[in-house]
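Nothing in this text is a laboratory measurement; each read-out follows from the coordinates by a stated rule. Computed from a predicted structure; not experimentally measured. When we count neighbours, we look across all protein chains shown, and the Cβ atoms used for this are built from the backbone with ideal geometry, even at glycine.
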Amino acid sequence: MVGELRPEIALGWRRSQMSGLDPGMEVREPRLFEVDRHSRLIHAAKPVLTSMVRELDDTRFSILLADHSARIVDRRLSNRTLHRHLDRVKAIPGAQYIEELSGTNSLSTAFELRKPISVAGDEHFLEALRVFCCYGAPIIHPITRRLEGVLDVTGPVADQSNLLGPFLMRAVRDIEQRLHEGSRLSEQRLFADFQSESARNKNALVLFGENLALSNAAAMDLISSDDNPLLQAIAAEVDGSSRLTRSVSLTSGRDVDIHARLVADSRDGVIMEVVPRQRQPARRAIRDVDTGRPTRRCVLVTGPPGSGRSTRAREMAGNSAVAVDLADDDGHLREQLVSVFADSAVLILDNVHAADASTVTYVRHALSSARPTVIIVCGSVEELSEEHQALAATADETVELPHLRDIGHTFATTVQAMVSEVAASNLAEPASRTGSQLRMTPSALAVLAEQDWPGNLAELARVVRVAARGRSCGDITADDLPESHRRRPARGLTPLERAERATISAAMAEHGGNKVAVAHALGIGRNTLYQRLRYYRLVN
């Protein structure tokens with residue numbers, strides 16, 4: 001059968017098979033999303049859809065509108081009998097209609113290919129859809145050239161008509177034109193709001209819109225282009241009518257408070273006031289700077305693997321600190337501990353989670369009369385044994401390092417700092433430094449921000465080194481990233497899904513990709529594991 005199909009349909013069938021679908025299956029049950037009835041796409045499409053329904057009156061065709069993630073956001077029916085047929089194949093508002101769930105069809109395949117396509121009868125991969133003929137086309141924003149959605153016309157296969165293709169494309173062009181007009185009006189509102197705010201506020205102001213960025217003179221003095229990814233990440237966090245406040249450090253080292261809000265009557269315009277902060281005293285170091293005497297306290301530094309917990313401990317302790325790795329027991333560890341407890345001013349106990357219970361118990365008792373300040377470095381406290389948790393509980397203060405994917409708007413700053421380190425290490429001669437520098441472009445940063453980062457900072461450092469390719473200046477683009485980190489995830493994942501994906505990914509790495517061993521380790525069936533691997537695109 002595949003050999004008789006049009007090439008684009010045959011390729012769709014192969015993608016469906018690779019997703020684990022079988023022609024005899026029903027459409028997979030989708031996860032339902034809440035539909036934003038006030039979205040830019042729905043606002044632009046609403047009158048066009050109404051006109052389409054009038055023109056399709058007395059026919060048996062339906063209209064489906066999906067957003068940029070292939071989630072159905074509107075469904076119009078010219079014939080009420082179509083309700084139950086579309087419900088049966090899960091073509092309902094809030095459902096994501098992608099090939100992995102529904103196989104080859106005009107909505108999901110137009111979304112996949114980013115071009116118009118018709119699919120009729122036996123061309124559908126799933127037998128449940130072969131009663132339909134359908135025509136789908138992507139909606140591309142005229143200004144940004146980004147995919148805004150997919151428009152689809154579906155009806156009984158017996159009513160197939162070549163006239164529906166031009167009818168659909170005319171509607172798509174009308175929606176795209178309305179998106180264009182809406183963008184112009186939105187830009188006018190954004191510009192007017194920015195002018196009004198600038199007239200009464202002399203602080204640094206920055207505005208981000210869909211295709212617009214503005215700044216006043218104060219912002220140009222305070223903010224560099226390298227700060228834009230950080231500001232854009234904060235702008236993306238603004239939601240609703242409330243103001244958002246963040247305290248961050250700019251690439252110049254200046255500490256600022258950022259107050260951000262949505263522009264009135266705008267769904268995507270954000271205006272930011274950037275206010276320099278008075279410099280606060282540095283966080284208290286382990287050693288008193290004036291006297292050099294230890295402050296004699298116990299600090300717990302904890303975080304997931306690769307989060308930089310050992311590096312943070314060394315930064316806090318200073319160069320004169322003594323570090324003991326409790327994971328490296330050569331038979332003389334206890335003797336070494338006795339010595340360092342007696343002679344050290346500042347002591348780092350690294351990888352405490354890897355020490356055996358007797359060593360941990362000894363350390364806990366020794367701390368009660370210890371002379372030096374001690375920094376305890378370990379993994380997540382919740383995963384420790386009772387003996388290890390008892391040692392962690394002796395700390396006077398705790399520094400908990402988050403997972404890289406959870407650091408929010410500071411991700412951009414973290415990436416650029418690592419880029420600067422790589423650039424410095426790639427510089428052959430200090431005297432050869434020029435005015436240019438190595439920079440991660442905003443598009444590449446956006447791709448990195450959506451990765452899962454199971455290896456945390458260590459993984460990020462490897463990716464940056466590969467992307468830099470030995471350079472000390474220039475731009476790192478998305479094309480420079482290693483293949484494993486070049487593509488954005490196919491779908492937005494919930495926090496629970498991200499945790500599940502990270503767990504499966506770590507188990508696959510631990511067991512060398514042996515799926516039988518991974519399924520056994522996770523306590524799930526092999527079929528379930530295969531489904532999750534395909535869902536999270538952890539296999540080719």
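Worth pointing out:
- Acute angle (nearest 10 degrees) that the helix 456-468 long axis makes with the longest principal axis of the chain, alpha-carbon atoms: 70 degrees
- What the pair-distance distribution of region 201-276 shows, using all Cα-Cα distances binned every 5 Å from zero, is 3, 17, 31, 28, 16, 5, 1 percent.
- The mean sequence distance of close C-alpha pairs (under 8 Å, at least 6 residues apart), as a share of the length of region 322-362, puts its relative contact order at 55 percent.
- Positive-end ranking of ILE376, SER252, LEU401 along the dipole of the chain, with charges on Cβ about the Cα centre, is headed by SER252.
- Two-decimal log10 I(q)/I(0) for the chain, as the Debye equation yields it once each C-alpha is a single scatterer, q = 0.06, 0.12 Å⁻¹: -0.42, -1.26
- Net charge over other residues, Cβ less than 12 angstrom from the Cβ of ASP329 (K, R count +1; D, E count -1): -4
- Selected from MET440, VAL518, LEU107, residue furthest toward positive end of dipole (the chain; charges at beta carbon): LEU107
- Working from label points 7 Å from Cα in the Cα-to-Cβ sense, the LYS202 to ARG146 distance is 3.7 nm.
- Helix content alone sets the calculated 222 nm mean residue ellipticity of the chain: runs of n ≥ 4 DSSP H residues at -39500 (n - 2.57) each, divided across all residues, give -12000 deg cm²/dmol.
- Relative contact order %, the chain, counting alpha carbon pairs below 8 Å whose residues are six or more apart: 9 percent
- 0 to 90° range, to nearest 10: angle between helix 333-343 axis and the chain longest Cα axis: 60 degrees
- Ranking CYS298, SER16, ASN203 by Cα position along the charge dipole of the chain, where only Lys, Arg, Asp and Glu carry charges on their C-beta atoms, puts ASN203 farthest toward the positive end.
- Highest-first packing order for the peptide set 298-307, 443-452 is 298-307, 443-452, based on the mean count of other beta carbon atoms within 10 Å.
- ASN79/ARG114 FRET efficiency (R0 35 Å; Cβ-Cβ; nearest 0.05): 0.70
- Our estimate of slack between GLU421 and HIS180, defined as 0.36 nm per intervening residue step minus the Cα-Cα distance, is 82.5 nm.
- The chain - charge dipole about Cα centre, Lys and Arg +1 at Cβ, Asp and Glu -1, debye rounded to 20: 880 debye
- Of all aspartates and glutamates in the structure, the ones whose alpha carbon falls short of 19 Å from that of LYS115, not counting any fewer than 8 places away in one chain, are GLU8, ASP67, GLU99, GLU100, GLU123, GLU148, ASP152, ASP174, GLU176.
- Taking label positions 7 Å along the Cα-Cβ direction at both LEU163 and SER443, the computed distance is 4.3 nm, reported to one decimal.
- Within straight-line cross-link reach of LYS515, aspartates and glutamates at Cα separation under 16 Å, skipping those fewer than 8 residues along the same chain: GLU500
- Note on ARG189 and ARG277: their simple-model spin labels are 3.3 nm apart, each label 7 Å out from Cα toward Cβ.
- Only Lys, Arg (+1) and Asp, Glu (-1) charged, at Cβ; region 405-485 dipole about Cα centre in debye: 280 debye
- Applying 0.36 nm per residue to the separation of HIS332 and ARG486 and subtracting their alpha-carbon distance, the gain on full extension is 50.8 nm.
- The angle separating the long axis of helix 40-55 from the principal Cα axis of greatest extent in the chain is about 20 degrees.
- Additional length obtainable on full extension of the chain from ALA10 to THR528, 0.36 nm per residue less Cα span: 183.8 nm
- Rounded to the nearest 20, the Cβ-based charge dipole of region 137-239 about its Cα centre (Lys and Arg +1, Asp and Glu -1) stands at 320 debye.
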